Structures are given as C-alpha cells and as structure tokens.
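Contents: one structure, followed by commentary.
The values are calculated or read from the model by the stated rules, or taken from the named source; none is laboratory data. All values reported here derive from a predicted model rather than from experimental measurement. All Cβ positions, glycine included, derive from the backbone under ideal geometry; neighbour counts span all protein chains shown. What goes into the accessible areas is simple: the full protein's heavy atoms, side chains included, and nothing from ligands, DNA or RNA. Shrake-Rupley method; radii C 1.70, N 1.55, O 1.52, S 1.80 Å.
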Amino acid sequence: MAETVAGDTVVLDAGTGTVTIANAAFDIGAGSLTVRGDEIDFTGGGNSIQGSGGALVLEAGQVSTTVGINNGASTLDLSTTDIAAIQDGFSTLTIGRTDGTGAVTAGAITFYDPVTIRAGGATGDITIGGAVLTSGNTGVTLTAGQDVLINSTVTTGSVTTTGTTNADTATTGSIQVTAGRNITGDANGRLITGVATVDATATGDADTATSGSITLNADTGAVQLASANALTIGNAVMNDGAGATTATPGSITIGNSTAPTKISSNGSNGQVDVSFGTAAGADTNAAGVLNVTTDGGAGDAGGIFLTSGEALSLGTLATAGGSAQNLSVATT
C-alpha cells in the first residue's frame with residue numbers, strides 16, 4: 001500500500017510503544033515527518049520511506065531511552081533494514097532527541113542524506129562504534145550534551161563531477177562534532193572528509209573542487225583523539241582543460257572565540273594528529289586552513305604546538321585565560 005502525505009507536517013508518536021510503518025511507499029514529499037517511539041520499525045522494504053526535499057526525524061519516546069543505529073543492544077534499535085528503508089532525497093535526517101539523556105550508539109552504517117545524530121540532554125553521550133559512511137556530498141553532525149566517543153571512522157563520501165559547462169563544481173560533505181564536555185577517540189577513531197574531483201573538458205571554465213571541513217567544539221572538557229591522522233581532510237582535484245579553476249581542501253577548526261576548546265590527553269600534554277589533503281590541477285590550488293582556539297581555564301592556558309613535514313597554512317591560533325600561553329610552530 002502507498003501512502004502520500006506530500007508537503008504535510010506529520011508526527012507519529014507512540015510514546016513508550018512501537019511505531020511500525022509497513023507501507024511500500026510512505027511519501028511526505030517536501031514536508032516533515034517525525035517518528036517518535038521507544039521502538040521504530042520500517043517494514044515496507046528498501047526506499048519505502050520517501051521525501052524529496054523533506055525532513056525526517058527519528059527519536060525515542062522517552063528522554064532516557066537508549067538509541068542504537070545498527071546496535072541491537074539499545075532499546076530503540078534502528079537496524080540496517082530500517083535505515084535502508086529511507087530513500088535518498090531527504091534534505092535532512094535527524095536521529096535522537098534534543099533533550100535525550102539515553103546513550104546513542106552507532107554501529108557500521110551508511111547514510112545517503114545529511115545526517116544529525118544527537119543526544120542533547122545534559123548527560124547525553126554519543127558513541128561511534130562502527131564505521132559510519134555517507135554517500136556523495138552528505139555531511140555528518142554529532143551533538144551531545146555530555147561526551148562524544150569516536151571509536152571508529154566517520155567518513156563522508158567522495159564526489160566526482162564530470163561536465164562541460166563553465167561552472168562545474170564538486171563539494172564533499174563536512175563533519176561537525178559538538179560536545180558539552182569531551183570529544184574523545186581511541187586508536188581507531190578518525191574523522192575523514194571525502195575527495196572532491198572535477199573532470200571537465202570545456203575551456204574558459206570557472207570550475208571549483210572543494211573537500212569538506214571538520215569542526216570540533218568541546219564546551220567544558222577537551223578534545224582527546226589517540227589515532228594517527230585523527231582528523232583528515234580529503235584532496236581537492238581539478239582535471240580541467242583550462243580556465244579560472246580553483247581547488248581547495250576543507251579547513252579544520254577546533255574551538256572558537258566564544259567556546260575555546262582544550263586539547264589534552266587525560267590531563268597531560270595532549271595532541272591531535274591532523275592531515276590535510278592536497279589541492280592539485282587547478283589554476284588556483286589553495287591550502288587547507290587550521291584554526292585552533294584553546295583555553296586552559298583556571299590553570300595554565302592550553303598551548304598550541306604544531307609540527308609539520310610540509311608547508312602549513314594557518315588561520316586563527318589563539319590561547320586564552322590562565323597564567324601561561326604557549327604557541328609553537330615548526331616545519332621539518
């Protein structure tokens with residue numbers, strides 16, 4: 001059976017119960033659909049939940065309910081079958097509550113729409129326990145009231161644009177992580193943006209290739225990432241005949257002027273290993289930019305220490321507060 005509620009604002013709320021949508025085609029068009037329950041099941045098959053340009057929200061019926069994305073140990077279990085039922089084309093996909101305190105855990109999963117995973121209550125945590133992938137220019141946003149634990153990879157898709165117009169573009173998705181306390185990651189935890197490539201043959205082009213950016217904000221805690229190349233920006237590649245073309249890798253931003261972010265490792269000297277992709281083949285090959293704003297709080301201010309085997313392009317580097325503010329930049 002097909003159900004069309006195109007352009008409407010639809011809320012299906014089962015409270016602590018289960019919402020099941022068995023329709024082979026449940027289409028909200030450009031409207032919005034909020035599905036709320038302590039269990040959600042989409043049983044209509046692949047691509048059965050539809051909404052070209054619409055907004056889809058999946059959230060628990062209770063604030064404290066745990067949420068799993070391909071993680072059967074959670075109360076609200078969004079299985080690979082449930083996610084596969086969501087047809088590509090939504091403008092946004094949101095999983096979790098703005099006030100959720102139950103842990104949200106993501107296993108290995110692929111998303112085809114821009115996705116926000118949230119546990120926004122004061123004690124809400126998000127754990128990335130399996131490889132999270134996106135397709136195309138789809139980005140990822142993680143928002144937790146307490147901690148975000150990155151124990152596997154989050155990777156946005158690569159994009160290749162082939163065309164002959166005078167304004168071909170390729171842009172890959174960005175990653176934004178915000179935590180009320182800490183952003184941590186083990187040796188497997190990495191954030192990676194995809195490669196942006198333009199293949200074009202027309203001359204006189206104003207083509208652009210831009211890979212996605214990474215933004216981290218840990219409000220009252222710190223960023224503690226143990227992996228090599230923990231933050232990795234994809235390449236921006238231009239394969240073009242001629243013209244005013246531009247290739248730009250994305251930026252990495254840690255903290256900001258209103259919410260400085262510490263970089264630490266369990267209270268001792270900390271480091272975050274970052275890697276910028278190359279820009280190649282364009283008339284203008286720009287460099288990715290690193291912006292860091294850190295604050296040591298009541299103690300010594302967080303220092304910024306950068307060592308690179310290649311040339312660096314630096315944006316804002318700022319320390320604030322405390323009695324000691326160190327800044328060291330070196331290339332080897």
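For the stretch 185-196, check the following and say yes or no: at least one residue is of a type in the set (A, V, I, L, M, F, W, C), out of contact with any strand residue (DSSP E or B) (no Cβ under 6 Å at 6 or more places or on another chain) and within 14 Å of PRO249 (Cα to Cα).
yes
Go through (1) modelled with pLDDT under 95; (2) under 16 Å from VAL67 (Cβ atoms); (3) among the β-branched types (Val, Ile, Thr) and name the single condition THR18 misses.
It fails just one condition, (1).
Identify, from the list THR153, THR134, THR161, THR169, the residue that is in contact with a Pro (Cβ under 9 Å, 6 or more places away or on another chain) and either modelled with pLDDT under 95 or surrounded by 18 or more Cβ atoms within 10 Å (Cβ to Cβ) (or both).
Step by step, each of THR153, THR134, THR161, THR169 is checked, and only THR134 is in contact with a Pro (Cβ under 9 Å, 6 or more places away or on another chain) and either modelled with pLDDT under 95 or surrounded by 18 or more Cβ atoms within 10 Å (Cβ to Cβ) (or both).
Quickly run through the stretch 79-89 and pick out the residues that are touching a Gly at 6+ places or on another chain (Cβ under 8 Å), open to solvent by 10 Å² or more (accessible area, probe 1.4 Å) and assigned to a loop (DSSP other than H, G, I, E, B).
Listed by number, the residues that qualify are SER79, GLN87, GLY89.
Kindly indicate which of GLY102, GLY68, GLY54 is of a type outside the set (A, V, I, L, M), at negative phi, open to solvent by less than 40 Å² (accessible area, probe 1.4 Å) and touching a residue at least 40 places away in the same chain (Cβ under 8 Å).
GLY102
Please count how many residues of the stretch 103-121 are closer than 14 Å to VAL132 by Cα and either in a strand (DSSP E or B) or among the aromatic types (Phe, Trp, Tyr) (or both).
Count: 10.
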